[in-house]
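*Asks:* After the structure tokens below, expect a handful of questions from me.
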Amino acid sequence: MVDPTTKAEVLTRLKNVKGHIAGIERMVEENQACGNVLIQLSAIRSSIEKIGVFILENNAVSCLGEGMVNKPEDKQKVEQVVKQMLTFLK
């Protein structure tokens, strides 16, 4: 990850997920209802997917464009593909 702001945001989101996992571990240790545990696991899965989309959205164009000749039409094509992928994922 090149952008320090993006990196910081991703790390913050991952730390939140880690805390959420610790909470689920406590739920299991306390014999909480399976339904409640599954709801929390679903929330974590959703958070992870959102982190992936965030990374894709913030870094895809620069990552895909590395090493390419700096032609405006090439960059535009990459941006278009990234936009289409994000539309599909959301």
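*Asks:* State the label only: which of (1) 7.0; (2) 7.3; (3) 6.6 corresponds to mean projected area of the Cα convex hull in nm² computed from the shown model?
*Replies:* Working out mean projected area of the Cα convex hull in nm² from the coordinates points to (1).
*Asks:* Could you count how many Lys pairs in the chain have their Cα atoms under 22 Å apart, skipping same-chain pairs fewer than 8 positions apart?
*Replies:* Final tally of qualifying lysine pairs is 12.
*Asks:* Identify, among I48, V37, L86, the residue whose Cα sits farthest towards the positive end of the charge dipole of segment 4-89, taking +1 on the Cβ of Lys and Arg and -1 on the Cβ of Asp and Glu, with the dipole about the Cα centre.
*Replies:* Comparing the listed Cα positions along the dipole, L86 ranks first.
*Asks:* Using Cα atoms only, what is the angle between the long axis of helix 34-65 and the major principal axis of the chain, expressed in degrees (0 to 90) to the nearest 10?
*Replies:* Compared with the principal axis, the helix lies near 10 degrees.
*Asks:* Can you give the relative contact order of the chain as a percent, counting alpha carbon pairs under 8 Å and 6+ residues apart?
*Replies:* This gives 30 percent for the chain.
*Asks:* Which order do K18, K90 fall in if you start with the one that has the fewest other Cβ atoms within 10 Å?
*Replies:* Numbers: K18 11, K90 8.
Listing K18, K90 from fewest to most nearby Cβ atoms yields K90, K18.
*Asks:* If I fit a long axis through the Cα atoms of helix 4-29 and take the longest principal axis of the Cα atoms of the chain, what angle between them do I get, 0 to 90°, rounded to 10?
*Replies:* Once rounded, the angle reads 20 degrees.
Only the coordinates and a few stated rules stand behind these numbers; no lab work does. A quick note: this is a predicted structure, and the numbers were derived from the prediction, not measured. Counting neighbours? That spans all protein chains shown, and the Cβs are built from the backbone with ideal geometry, glycine included.
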